[in-house]
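The values are calculated or read from the model by the stated rules, or taken from the named source; none is laboratory data. The structure displayed is predicted, hence computed values, not measured ones. Don't worry about glycine lacking a Cβ; one is built from the backbone with ideal geometry, like all the others, and counts go over all protein chains shown. These area figures cover heavy atoms from the full protein model, side chains too; ligands, DNA and RNA do not enter into them. Shrake-Rupley method; radii C 1.70, N 1.55, O 1.52, S 1.80 Å.
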Amino acid sequence: MEIYVKGINNVIYNNFINKFIAAHPEHTFSRNFVKSADIILTESLSAEEAELFPSLKAVFAPVVGRNKFDLEQLADRRVESFFVAGTPKIVAE
């Protein structure tokens with residue numbers, strides 16, 4: 001699998017992402033644009049951006065809010081989307 005880590009600048013998220021990358025050398029991870037990405041890990045993805053990835057199978061978002069994603073377009077393309085449930089520890093209550 002090719003995984004594109006798009007625009008995540010949060011230090012805490014990146015620590016977890018880096019541990020995940022180290023634990024899964026069987027996958028290719030990139031923080032640079034990868035048109036052939038199967039999976040995108042991001043905090044936002046517009047419909048226009050999603051169209052740039054013809055092989056996209058899933059979007060993982062370490063966020064609760066879904067307003068920065070075109071969920072209908074992703075569903076129409078049969079792209080699975082996954083979000084954090086509840087309030088992450090790094091968010092002030």
Inter-residue pairs, beta-carbon under 6 Å, first closer than 12 Å to residue 79 by Cβ and free of Cβ contacts under 8 Å to residues at least 60 places away in the same chain and in the range 30-52, second aromatic (Phe, Trp, Tyr) and part of a loop (DSSP other than H, G, I, E, B), 6+ apart: 37/53
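Taking the conditions exactly as written (on the phi > 0 side of the Ramachandran plot and of a type outside the set (A, V, I, L, M)), does residue 66 satisfy them or not?
On the way: on the phi > 0 side of the Ramachandran plot: no; of a type outside the set (A, V, I, L, M): yes.
Considered against the rule, which asks whether it is on the phi > 0 side of the Ramachandran plot and of a type outside the set (A, V, I, L, M), residue 66 comes out as no.
Quick check on the range 79-87. Is at least one of its residues surrounded by 15 or more Cβ atoms within 10 Å (Cβ to Cβ), at pLDDT below 95 and in contact with a Phe, Trp or Tyr (Cβ under 6 Å, 6 or more places away or on another chain)? Let's see the steps before the verdict.
Going through the range 79-87, the residues surrounded by 15 or more Cβ atoms within 10 Å (Cβ to Cβ) turn out to be 79, 81.
Then drop every residue that is not at pLDDT below 95, which leaves 81.
Within this subset, residues satisfying the condition of being in contact with a Phe, Trp or Tyr (Cβ under 6 Å, 6 or more places away or on another chain) are none.
Taking every residue of the range 79-87 in turn, none turns out to be surrounded by 15 or more Cβ atoms within 10 Å (Cβ to Cβ), at pLDDT below 95 and in contact with a Phe, Trp or Tyr (Cβ under 6 Å, 6 or more places away or on another chain).
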Checking residue 13 against (1) of a type outside the set (Gly, Ala, Ser); (2) open to solvent by 40 Å² or more (accessible area, probe 1.4 Å); (3) part of a helix (DSSP H, G or I), the condition it does not meet: (2)
Residue check for residue 63: without any contact (Cβ under 8 Å) to a residue 40 or more places away in the chain, touching a Pro at 6+ places or on another chain (Cβ under 9 Å) and either open to solvent by less than 40 Å² (accessible area, probe 1.4 Å) or part of a strand (DSSP E or B) (or both): yes
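Among residues belonging to the range 20-34 that are in a loop (DSSP other than H, G, I, E, B) and within 14 Å of the chain's Cα centre (by Cα), point out the one that is surrounded by the fewest Cβ atoms within 10 Å (Cβ to Cβ).
Step one: filter the range 20-34 for residues in a loop (DSSP other than H, G, I, E, B), giving 24-27, 31-34.
With the extra rule that they be within 14 Å of the chain's Cα centre (by Cα), the set shrinks to 31-34.
Numbers: 31: 14, 32: 7, 33: 11, 34: 19.
The selected residue is 32.
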Meets criteria (charged (D, E, K, R) and at pLDDT below 95) for residue 43: yes
